[in-house]
Structures are given as C-alpha cells and as structure tokens.
1. List, in the order given, every pair from K113/K227; K161/K261; K221/K254; K221/K279 whose Cα-Cα distance in the structure shown is over 27 Å.
2. Would the stretch 191-278 count as rounded, prolate or oblate if I go by the C-alpha gyration tensor, calling it rounded below 1.5 in a/c and otherwise prolate when a/b exceeds b/c, oblate otherwise?
3. For R138, R120, what ranking results if the residue with the fewest other Cβ atoms within 10 Å of its Cβ goes first?
4. Arrange the following residues from fewest to most other Cβ atoms within 10 Å of their Cβ: F159, F65.
5. Which ordering of L72, L121 is given by a fewest-first count of other beta-carbon atoms within 10 Å?
6. Assuming 0.36 nm per residue, please report the length gained on full extension of the stretch I259 to N183 beyond their Cα-Cα distance.
Amino acid sequence: MFNYKNLMKSINIEGKQDDETDTNDMYDIKNIETNGNSENLLDSIIQHPFIDNIDFNECQLLKTFYVIFYRLNKFNEFNYVEYYINDNFLKVSLKFETKILDIYDNIVVETDKKINGVKRLKGIYDYNDNKYMFIQVRENTNTNLWLNLWDIIVSNHYFGKQINSNIIDFFINNNTISNLKVNNQIIMKPTVLYCQIDDKYLSYVDKHNSIQYCQDDSLIKLTKFNKNENVRIICFMNFDKFDITDSNNENLQKNGFVIDKINKCWIFQNEDNLFIHVK
C-alpha cells in the first residue's frame, strides 16, 4: 500500500493561497458516455476543447510540476472560464517520481482550506518542458483571486497587482485555453473594468453587487484601472451591433454601453450584463 505520510513529507508546495473552507475531493478520469446518435445533443451543450483534449494517463509518473485550478462560471446566460491565481502557479516538487492519482489526493488535502469546492482532476498538459496539472473546481462561489483571460493577457494585473510574467507567457502561448463552444461557435469572453466607489457605499455594493447610483449619476462609468479603484466589474459586451459611426447616445440606446474615448472610460446604461464585486 502507498505510504501517504512519506509522500506528504516529500512534497514541497510553493506559492501562497487564500483562506477558504474545506471541500470534498473527486477524480474525473474523463469517462465520457456518449450514444451513437448524440452528435446533435453534444452540439447544444457547452464544450471546452482545450481541456477536453488534454491527455489523462493515471499511470503517468510526475516529480516536479505546476497545478492550475480553474472553474467554469456563469453569470446570467453568460458562461466563462476563471483561474485561481495568487502570485504564481502552485508548484509541486517531489523527491521521487509518483503516480498522478497518488499525488492528486495530497494536493486536494493541502488545498482544501485555501480553495473550497469539489475538485476534479482533468489531466496533465506539457508546455515549454514543464508539466501542468489541471484541476477543475466546482461548487465554489468565491470571487477573490479568480481571474479570467482578460485579467491575465490584456490587463496583466488584478486590482492593480501585476501578474507574474510566467503566467502571462503561459496564457499568451495557450490563448485558446478559455474558448468555450456551443453549437460549434466560440462563446463571447468577458472584459474586466474597474471603478472607485466611496467607502460609505462599499458594504451596499458588496451585499447587492450593484454600483448604480453610487457614482455621480445613474449612468455607470468604468475604466481599465486607476490607482485606488476598489470595485472590479466583469463585463459582457456584445459588439455585433456596435457601430463606431453612431453617436454615443445611439450606441448607448442600442447596445446598452458606449466607449467614451475623450474621457477614456466605458459608460453603461444599466447593470444587466455586469458582474460586480468589491476588492
């Protein structure tokens, strides 16, 4: 029988994590049951090609590798991918090569207090002579340190804190990682913007996930990021009907948002497609 105590002693997990509660662990060996006539059904469900194509070999041996925690999130009808990022990818270094499933049990134990939710092992991905273990997290509603592709490769920061260059490099060179598909079409990805709200409104914003009427007028004004901004907004903007030749008022009425180039901000008519949370 495998000696878990010895393995625990051999593991050196590097990287900080935030406090959260406990969880249950679970494998996902990618046993996907399909019927011969399921093609139309599969077309109508959400697919994640990057993850679906990762190899899973439960007999594979690992010694040094990185762990990427990710989750599929949903706001209203919008689905998107988020990654738990704190300083750098979690790094695991072992004294000896060990089978994936034996290692996985200990990773779940070590991270239960930091990242809550049900964890599913999805496989190992090779990139630039390094190995990356992908673990999906379910039943996790925490917002802190969960980043999407825009945060990483467009903004390069989270609430102004710069993201490690190794992480940025990984996502730039694997930029299809967040592609979700329905009916063979890639789903729209969110944009991330920020604003500053007076401290007296923060408890209200945190409770109701709303910033409307907490600014100067009823319109919502957001920016890429300015120092001391304390509210992050995940925005779902459909540019299909956006016309740069239209006036600001026309675009605001037609699309619900407009890009104000003079004041370098985005203006939204309402919060229907905005997910809001406080730092």
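Since every read-out is calculated from the coordinates, none of them should be taken as a lab result. These figures come from a predicted structure and were not determined experimentally. Using ideal geometry, Cβ is built from the backbone for each residue, glycine included, and neighbour counts are taken over all protein chains shown.
1. Violating the 27 Å limit, Cα to Cα: K113/K227.
2. In terms of gyration-tensor shape, prolate.
3. Lowest to highest Cβ neighbour count: R138, R120.
4. Going from least to most buried by this count: F159, F65.
5. Going from sparsest to densest Cβ surroundings: L72, L121.
6. Taking I259 through N183 to full extension adds about 24.3 nm, to one decimal.
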